[in-house]
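Input: a single structure, listed below in structure tokens.
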Amino acid sequence: MKDFPLYRSPKAAVVGTLLIALPVLLLSLSTLSGMYAAMLVVFLLPVAACTAGLVCGALPMALGTAAGLYAMYRLAGTPGLTLTAAYLIPIVACFVLMVAFRVPFQQSCPALIGVHVAAMAGCYLLLQRWTGGQLYTAAGRAVMNALEHWELGDTMLYQFYSMGLINLPDKMEGKALLPVLGGYVLSAEARQDLLLSLNALISNMLSLLIPNLIVSQSILGGVGCLLLPLRFGYIAAERRAFLSETADAETDENGKAKVDFPDLQMPKFETWHLPRGIGWQVGAALAVGYFLRSSGNSVAGIAGMILYSAAHAVFTIQGAALVNYMQKMRGTKRVWRIIVPVALMLFSVLVFLGIFDQISNVRGLRKPREPKEEI
């Protein structure tokens, strides 16, 4: 396939494969670091694999995906492999089809978001089926069992207790620790009470976090699986065109070698914004979701979390576009145009910048309102 050759160059294939596969494989070597491997697979591997496909070729994309599958197989056996395959393969396949058939960005981006939603919802349904509809309780029990058999389990439980995350009954206050060999261990009764409290905490957190994860990761992942591959792929294609430029090479109107790259009509990232009418709707969803998720009703809480997560993700993308615009105006180097937005996203700063941009129209992308004619 023209857009996805086996590899662009041997060097690109090796470097691309190592950058994607090595961190996931190394983190999967132990159960303790396996949690981070799973996070990389969910949050970063789809974007990284798609980017490798356009920058490095089909082989690094396939090997990176295979590394994620193998890492999860090491950590969770056949169930882990099944879940990862149900998540990764449809996303990567959808991306390849969107590029191969030149589906415009306005259609391909919603399609990738939809595939993300379907893949994550499918994984959720599989987990519910395997646990008899008791996913959250089963997850809590799994953590309980892991801490019971881990030599540092008592230390972790007491740390959670000291931080106020889990609680002890009043009768156990002050009697939780038993002196042993110059140190302390949890009494059996206190350990059991803390484990039960941790089980309840995990069950409650997951009931809210999973809808949030499905919505926010689907939006951010769907956009990222097009934005980053198309952007970095074009930069790599420009570099290849520059290095191969000859006297008889085909050139554009500026005299530069033409870049052979799929055009999905993606607008420049610094111009991404919400129209005024849609922006107010997203803002209302953010506000309503914020209040609903704190309500005592479980159904309303989940609905609020979905609304809040979707609006939060949309404003986060707009905030990143604003930061990119400001960085380009200042002539910031390309590497900092990646590092700074990622750092701001980790601290949820981008969502506030997105709301500010929507209200103030800093970039001047929305036309000013025309004054109403006087009667």
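The values are calculated or read from the model by the stated rules, or taken from the named source; none is laboratory data. None of these values were measured; they are calculated from a predicted model. A quick note on method: Cβ atoms are made from the backbone with ideal geometry, for glycine too, and the neighbour counts reach across all protein chains shown.
Quick check: anything in segment 155-172 charged (D, E, K, R) and either under 26 Å from the mean Cα position of the chain (by Cα) or surrounded by 14 or more Cβ atoms within 10 Å (Cβ to Cβ) (or both)? Within segment 155-172, not a single residue is charged (D, E, K, R) and either under 26 Å from the mean Cα position of the chain (by Cα) or surrounded by 14 or more Cβ atoms within 10 Å (Cβ to Cβ) (or both).
Only one entry in L6, L27, L63, L59 is surrounded by fewer than 16 Cβ atoms within 10 Å (Cβ to Cβ), in contact (Cβ under 8 Å) with a residue 40 or more places away in the chain and touching a helix residue (DSSP H, G or I) at 6+ places or on another chain (Cβ under 6 Å), namely L6. Does T82 satisfy the condition of being over 16 Å from the mean Cα position of the chain (by Cα), in the same structural domain as Q217 (by TED's automatic domain parsing), at pLDDT 95 or above and surrounded by fewer than 17 Cβ atoms within 10 Å (Cβ to Cβ)? Considered against the rule, which asks whether it is over 16 Å from the mean Cα position of the chain (by Cα), in the same structural domain as Q217 (by TED's automatic domain parsing), at pLDDT 95 or above and surrounded by fewer than 17 Cβ atoms within 10 Å (Cβ to Cβ), T82 comes out as no.
Conditions tested, residue by residue: (1) within 30 Å of L97 (Cα to Cα); (2) in contact (Cβ under 8 Å) with a residue 60 or more places away in the chain; (3) of a type in the set (S, T, Y); (4) surrounded by 12 or more Cβ atoms within 10 Å (Cβ to Cβ).
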{"position": "P262", "(1), (2), (3), (4)": "yes, yes, no, yes"}
{"position": "E270", "(1), (2), (3), (4)": "yes, yes, no, yes"}
{"position": "G279", "(1), (2), (3), (4)": "no, yes, no, yes"}
{"position": "V288", "(1), (2), (3), (4)": "no, no, no, yes"}
{"position": "S298", "(1), (2), (3), (4)": "no, yes, yes, no"}
{"position": "H312", "(1), (2), (3), (4)": "yes, yes, no, yes"}
{"position": "G331", "(1), (2), (3), (4)": "no, no, no, no"}
{"position": "L346", "(1), (2), (3), (4)": "no, no, no, no"}
{"position": "F356", "(1), (2), (3), (4)": "no, no, no, yes"}
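Out of G140, G133, one residue alone is modelled with pLDDT of 85 or more, part of a loop (DSSP other than H, G, I, E, B) and not polar (S, T, N, Q). It is G133.
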